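Encoded as structure tokens, the structure appears first; notes follow it.
Every number here is computed from the coordinates shown, using simple stated rules; none is lab data. Just so you know, these numbers come straight off a predicted model, no measurement behind them. Quick reminder, even Gly has a Cβ in these numbers, built from the backbone with ideal geometry, and neighbours come from all protein chains shown.
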Amino acid sequence: MTVLATASNPYFTVSRIEIDRQGPSYAVDTVRAFRQEWGEGTELFFITGLDAVLEILTWKSHDQLIRLCQFIAVTRPGYDAKKLREALPPDYLERIHLLAIHGMDISSTLIRERVRRGEPIRYLTSDAVCEYIAKHGLYREVTAVSAEIL
């Protein structure tokens with residue numbers, strides 16, 4: 001679905017590294033693999049929601065991960081960026097950059113919940129991803145999938 005969602009943008013590529021890895025996949029392992037593939041001189045940026053960054057101290061090997069890359073914390077409705085200073089140590093804050101955006105409160109969790117309830121997800125993600133979810137019956141408790149989600 002990531003390939004479908006980014007296919008129209010020539011500046012994006014999608015890595016299979018986490019799909020091809022055996023066993024659990026952790027952010028620190030993925031960033032280490034990118035560092036090995038692209039070399040120590042490459043600056044890596046981990047882009048994720050502010051909500052996820054606020055939980056980084058619960059991530060596996062977060063102390064190593066924060067040294068391997070810079071973080072871009074994208075604002076999300078309902079999350080206060082000021083909480084970063086309360087939640088994280090100063091050396092972490094030096095490597096986290098806030099990206100304030102105006103947007104709708106859309107998350108993968110919301111999309112999965114709407115599909116499960118049979119509600120539409122059109123305009124919440126790309127048409128190609130909507131069609132893929134419908135075609136493969138993803139996130140539904142029953143096997144029958146209708147075009148309602150489109």
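Remarks
- Each listed q (0.10, 0.16, 0.18, 0.19 Å⁻¹) maps to a log10 I(q)/I(0) for the chain, found by the Debye formula over equal Cα scatterers with no solvent: -0.46, -1.09, -1.24, -1.29.
- Highest-MSF residue in the chain out of Ile47, Ile101, Ile72 [GNM, Cα springs under 10 Å]: Ile101
- Computed per residue of the chain from DSSP H runs no shorter than four, each worth -39500 (n - 2.57), the mean residue ellipticity at 222 nm is -9500 deg cm²/dmol.
- Nonlocal amide H pairs with Phe71, under 5 Å, H built at 1.01 Å: Phe46, Ile96, His97
- Excluding same-chain neighbours fewer than eight residues apart, the lysines reachable from Lys60 by a Cα-Cα span under 28 Å are Lys82, Lys83.
- Highest mobility in the GNM of the chain, judged by mean-square fluctuation with C-alpha springs under 10 Å and restricted to His62, His97, His136, is found for His136.
- Evaluated with a Cβ-only charge set (Lys, Arg +1; Asp, Glu -1), the chain carries a dipole of roughly 200 debye about its Cα centre, given to the nearest 20.
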